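Accompanying notes for the structure given below.
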Amino acid sequence: MDRRDFLRQMAMTAASAAVTGSVEAQRSVVPLGSSPRDGVTWNKAPCRFCGTGCHVQVGVRQGRIVAIQADPQAEVNKGHLCVKGYHVGLAPYGPDRLTRPLLRRNGELVPISWDQALDVIAERIQRNPAGFALYGSGQWTIPEGYAGTKFVKAGLGTNNIEANARLCMASAVTGFLATYGVDEPASCFDDLDRCDVMICWGNNPAEMHPVLFSRFLDRRSRGERTTLVDIGTRRTRTTGFADHYLEFKPHTDTAIALGVMALLVREGTYDRRFVENHCAFRAPQADSPTLQGEAIDFEAWKARVAEYTPERVQEISGVPAREIRRLAELFGNRDLRIASFWCMGMNQHTAGTAINSLVHGVHLLSGHWGREGDGPSSLTGQPSACGTVREVGTLVHLLPGGTLVAKPEHRAAAERRWNVPAGRISDRIGPHTVEMFRRFCLPADQGGDIDTIWVQVTNPGQTMPNATEYFDRSRELEGKFLIVSDVYPTLTTRAADLVLPSAMWVEKNGMFGNSERRTQQWFKMIEPPGEARDDCWQILAVARRLFDRGFETMRDADGKFLFHMEDERGREVPTWDFRRYYDINVDERLFEEYRGFSTTKHKNLAPYGEYVRARGLRWPVVETDDGTWRETRYRFVEGEDPFVPQGDGFQFYHSTSEDDRAQIWFHPYTPPPEVPDEEYPFWLCTGRVLEHWHSGTMTMRIPPLRRAMPQAYVELHRDDARRLGIAQGDLVRIESRRGHLDITAWIDGRGQPPRGSVFVPFFDERLRINLVTLHEYDPFSKQPDYKKCAVRIRRAPRGAST
Amino acid sequence: MSDEEQRTTSDTTSSNGARVVPVVASAVLAVAVIGFFTGIAPAPDAAFELRGSREVSSDLPRAPSHADLAAGFAAQAAESRQLAAFGAMAREGRRALTEEPPVATAEEISGALALRQQRRAYDGAPPRVPHPMTQTGSLDCVACHQDGFVLEGRVARMMSHETYASCSQCHVEDVHSMPSAERASVGGPPIDTQFVGLEAPTSGPRAWEGAPPVIPHATQMRERCDSCHGVLAEGLRTSHPWRQSCTQCHAPSAEYDLRPLAELGPIGAAP
């Protein structure tokens, strides 16, 4: 930017600041000599946004949030936040909160009472319990997710519960399961303080996990020597800080990982001792492959990996062979500590399970595993994708604590714990998210057996891929009923038949679990607006309404209400009556019940009270001899993990091969389902930006964030723009085989994609890029690939507007 | 600004271990002193409008280039701050010894607080950036904000905390530099928030008249007091900028910093 540009933009800044609403204008400067902080009470809560799990201190005065402070006692963020976190206190204060239940009558959403709303839902469920599905997200608190799972699996006897996390980190789950036999990272964020090398695999933490990124990066400011390797498909803010940038053709990251493994073996620089003692080898079966695959011996594995020479990898991925060698040299050096991090790039991938497994494999093979700063970790985008969706198990195939619907002994254990008759929990795994919405979008006589979906804490109208076919279509069909609980109007509430106003964040009690197995707790601090109510209460109230209407399976084996709760004097508390909901701490009751499930898979949780005191604790949390509760930083590592016996060094005690070994996988490179061709010559990648969180329903209503990033855009390469006659700021039409979108071009802006590739963020409800994206998904995780499909681009036709 | 424009003529080498005051530091001193005499912070509402000719006169000191920064400009920060403070002392020193130090008027304090409030959602929020920013990750910000300076009546504030690398993690553009922004104002969720943020304190309590006031705000991320109270700060400026160890006399508050109080027990309780 030259000086003239700078000054011109300064003038524009001043002008547009006057136009857009200013949060500051509503505040006057206080009289001299006053102390505005007097009367402000402060209380801890995890941030409402991403999976980092920063703790904030929420300042409340006269029933309203007035300030946020980074919590200096929090181990995750150590007194820092990102710009979203600093402004999270503004999230509840958009002007258009939903405050009353709304029912669609003659095409219009009209206010009704909560009592009427509960009857509407109960009727829909009673009419066809098997056609009902509950769809949530990693924004469910742990008790909400637990109530949802119990409601569906014990109360309705189906497994029709899914969560947006399927679209977000399901391939990370299958990667962990395939490698360690059990879900979730073995390592933790402490790696960021200790690693010599940080490798980002298709990841832009400078924008998506800024606090974690700085935890690593700021070590440089303190004089430490660190190396950042960015393996990506476009230049991002993270690239700006990287020492090495390896740009690969979309989808070919599997070849890069295979190339590194091939060199480690060929050069003899792999960790022979670690591999011999702690690893086994595995590959997918030739026909009908499964997540467990089949065991193969080291020689067979070596032979298959050996095909991926640096030259072949260069051919597939476009990364120069010398860069593959350099990466292999890093991994071949055991004096270094190497931490790998990834997020959506590896997860939203039709070979997501493969690339997740292969990156774990690179670390295991090279012995960069199990030391502080030395290991692989996946990052999550939702605050409780781990705590709720993965650990509680709000997915069609899971039961709480990582137990499985498919295992009869796990079903029986859950039935005992829930005190429901044997056989209540169905052994039929329900439809995963994409399939669930596909069936919701089909008429009943064409296999569309899902007729009612209740959405909580997520916005599928904006986030489902190929949205015309996988969301909008349902709105044209008779007999399909969409219930949506949310805090603001969204694309999903606007399409709904019934809208329920929800309480959010510190308007209710809650618990989250972040990406490093850290379970966190907070208390309600302010009242929700109008008739907005807790999502957990909504589930309990619907369950009770069904109970009252004689729906037999809402009773336990003793005939009591499935969510029967008593006060300390043994009297039943009518938690379904919102006026009485906070008579007891429902969160604590549900959590204590859920906690019983956590020991089966060694995900042990402490009593609720321990989390009240802590800024989160990383499971497994076990009681020590002196009665204190001890968290775990590194799983499967002696001296760190309480379940690894002395003398073993490492023990993968949930091993798929049942011999305490981790699995190093071979997956061949396979091409993606849709690649650019003559008709659709560009790659489209979608993703996020620093200022906005997911579909933007909260952050677009926070003025400082909205002003910094007011709308979505398309990034494209300068040369492509020139060739197509597209100027900076032009309206561009992006078109795929599924849909199109007209959107502003931003050349050399926030990120720089290579030639032949464009990027669009998905936060803007006005610019729904998911009309264009592809619904194809990974065969094991069922997670769709939002990162690549084929599109064509041109200047938008005259008269087009966003 | 091109590199050439930015490049300083300074030679920052030392000889025989003797400390050579670099020209860069002198430049900062010069800016500070000139700024001080000519009145530095503009009125809040005029803070960012264009005024008159924007040609930089040739006798103004040049901003340091990235190369200068890499050559240790940051390390000289404390030194240059001290030099600036000595400049202020040179001007006010006699008076400081014999007279009451100058005190900002209520209007000056209110004006300074109003200016601060324009860029923050609440007291303690990271200020937003009133000019376009480089969109890609880099350290450009520290070129101006490491120690702050005044140029043509505009103050680039010194950062209030130690140097962190990823500035845009917390500080975002107040109004974006995205092209065709007029489209962005059409439709979308409403932006008129109902949030009302915590106001800034106006003064710290004193134990008795004449006692040094305690710090009335959190000091977390505000450990460099001269960011807001140094010689570049109008209204909130200290009356004695040459005193460098602020917390010698002005106590921070463990309560405001949200340090654990439970472990300390009630203040004044018997041991």
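The values are calculated or read from the model by the stated rules, or taken from the named source; none is laboratory data. From a predicted model like this one, the values you see are computed outputs, not experimental measurements. Backbone-built Cβ (ideal geometry, glycine too); neighbour counts: all protein chains shown.
Things to note:
- Residue count for the range A:628-679 satisfying the condition of being exposed (fewer than 15 other Cβ atoms within 10 Å of the Cβ), in contact (Cβ under 8 Å) with a residue 40 or more places away in the chain and among the acidic types (Asp, Glu): 3.
- Test for A:Leu212: is it more than 18 Å from A:Ser378 (Cβ to Cβ), outside the structural domain of A:Glu691 (by TED's automatic domain parsing) and at pLDDT 95 or above: no
- Leading residue by the ranking (nearest to the other protein chains (Cβ to nearest Cβ)) among those in the range A:671-701 that are in a loop (DSSP other than H, G, I, E, B) and of a type in the set (Ser, Thr, Tyr): A:Thr697
- Set B:Tyr122, B:Tyr164: member being part of a loop (DSSP other than H, G, I, E, B), touching a Leu at 6+ places or on another chain (Cβ under 6 Å) and at the interface with chain A (Cβ under 7 Å from one of its Cβ atoms): B:Tyr122
- Of the strands (runs of 3 or more DSSP E) lying entirely inside the range A:474-568, those containing at least 2 residues that are among the hydrophobic types (A, V, I, L, M, F, W, C) span A:481-486, A:498-501, A:510-513.
- Among the conditions (1) of a type in the set (Lys, Arg); (2) assigned by TED's automatic domain parsing to the domain that holds A:Val152; (3) loosely packed, with under 13 Cβ neighbours inside 10 Å; (4) closer than 22 Å to A:Tyr146 by Cβ, the only one that A:Arg545 does not satisfy is (3).
- Restricting the range A:53-64 to residues that are surrounded by 23 or more Cβ atoms within 10 Å (Cβ to Cβ) and more than 7 Å from chain B (Cβ to nearest Cβ), the residue that is farthest from B:Arg119 (Cα to Cα): A:Gly53
- Hits in the range A:712-741 - residues which are part of a strand (DSSP E or B), under 28 Å from the mean Cα position of the chain (by Cα) and within 14 Å of another protein chain (Cβ to nearest Cβ): A:Val714, A:Glu715, A:Leu716, A:Leu741
- Among the residues of the range A:579-588, just one is more than 18 Å from A:Arg518 (Cα to Cα), in contact (Cβ under 8 Å) with a residue 24 or more places away in the chain and in contact with a strand residue (DSSP E or B) (Cβ under 9 Å, 6 or more places away or on another chain), namely A:Tyr581.
- Under the condition of being part of a helix (DSSP H, G or I), of a type in the set (Val, Ile, Thr), away from chain B (no Cβ under 14 Å) and buried (at least 22 other Cβ atoms within 10 Å of the Cβ), the residues counted in the range A:228-281 number 3.
- Residue within the range B:120-128 that is more than 13 Å from the chain's Cα centre (by Cα), modelled with pLDDT of 85 or more, more than 20 Å from A:Val689 (Cβ to Cβ) and surrounded by fewer than 20 Cβ atoms within 10 Å (Cβ to Cβ) present: no
- Members of the range A:268-320 that are more than 30 Å from the chain's Cα centre (by Cα), under 17 Å from A:Ile664 (Cβ atoms) and of a type in the set (Asp, Glu): A:Asp271, A:Glu276, A:Asp297, A:Glu299, A:Glu307
Yes/no per residue for (1) in contact with a Phe, Trp or Tyr (Cβ under 6 Å, 6 or more places away or on another chain); (2) at pLDDT 95 or above:
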{"position": "A:Asp191", "(1), (2)": "no, yes"}
{"position": "A:Met198", "(1), (2)": "yes, yes"}
{"position": "A:Arg220", "(1), (2)": "no, no"}
{"position": "A:Met261", "(1), (2)": "no, yes"}
{"position": "A:Pro284", "(1), (2)": "no, yes"}
{"position": "A:Ser288", "(1), (2)": "no, no"}
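- Selected residue [within 23 Å of A:Ala351 (Cβ to Cβ) and surrounded by fewer than 15 Cβ atoms within 10 Å (Cβ to Cβ)] from A:Gln285, A:Gln314: A:Gln285
- Hey, A:Gly361 under 19 Å from A:Leu192 (Cβ atoms), over 18 Å from the mean Cα position of the chain (by Cα) and either in the same structural domain as A:Arg266 (by TED's automatic domain parsing) or free of Cβ contacts under 8 Å to residues at least 24 places away in the same chain (or both) or not: no
- Counted residues, the range A:65-81 - those being at the interface with chain B (Cβ under 7 Å from one of its Cβ atoms) and surrounded by fewer than 20 Cβ atoms within 10 Å (Cβ to Cβ): 3
- A:His775 being under 28 Å from A:Tyr488 (Cβ atoms) and surrounded by fewer than 19 Cβ atoms within 10 Å (Cβ to Cβ): no
- Sub-7 Å Cβ pairs linking a first residue in the range B:147-163 that is free of Cβ contacts under 8 Å to residues at least 24 places away in the same chain to a second residue that is part of a loop (DSSP other than H, G, I, E, B), at least 6 apart or interchain, are B:Ala156/B:Gly148, ordered by first then second residue.
- Residue within the range A:790-797 that is away from every other protein chain (no Cβ under 14 Å), part of a loop (DSSP other than H, G, I, E, B) and either surrounded by fewer than 22 Cβ atoms within 10 Å (Cβ to Cβ) or not hydroxyl-bearing (Ser, Thr, Tyr) (or both) present: yes
- Taking the criterion of being surrounded by 24 or more Cβ atoms within 10 Å (Cβ to Cβ) and charged (D, E, K, R), the residues of the range A:161-183 that qualify are A:Glu162, A:Arg166.
- Condition met for A:Ala413 (assigned to a loop (DSSP other than H, G, I, E, B) and surrounded by fewer than 24 Cβ atoms within 10 Å (Cβ to Cβ)): no
- Every residue from the range A:368-419 that is under 22 Å from A:Trp693 (Cβ atoms) and hydroxyl-bearing (Ser, Thr, Tyr): A:Ser377, A:Ser378, A:Thr380, A:Ser384, A:Thr388, A:Thr394
The rows are residues; the columns are (1) in contact with a helix residue (DSSP H, G or I) (Cβ under 6 Å, 6 or more places away or on another chain); (2) surrounded by fewer than 24 Cβ atoms within 10 Å (Cβ to Cβ); (3) not assigned by TED's automatic domain parsing to the domain that holds A:Ile702.
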position: A:Leu398; (1), (2), (3): no, no, yes
position: A:Gly402; (1), (2), (3): no, yes, yes
position: A:Gly423; (1), (2), (3): no, yes, yes
position: A:Asp427; (1), (2), (3): no, yes, yes
position: A:Gly447; (1), (2), (3): no, yes, yes
position: A:Ile450; (1), (2), (3): yes, no, yes
position: A:Ile453; (1), (2), (3): yes, no, yes
position: A:Met464; (1), (2), (3): yes, no, yes
position: A:Gly479; (1), (2), (3): no, yes, yes
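- Selected residue (only one of A:Val362, A:Val392 is buried (at least 24 other Cβ atoms within 10 Å of the Cβ), touching a Pro at 6+ places or on another chain (Cβ under 6 Å) and over 30 Å from A:Arg475 (Cα atoms)): A:Val392
- Test: residue in the range A:592-612 that is in a strand (DSSP E or B) and in contact (Cβ under 8 Å) with a residue 24 or more places away in the chain: no
- Any hit, the range A:626-641, residues being outside the structural domain of A:Thr388 (by TED's automatic domain parsing), under 24 Å from A:Met504 (Cα atoms), touching a His at 6+ places or on another chain (Cβ under 9 Å) and assigned to a loop (DSSP other than H, G, I, E, B): no
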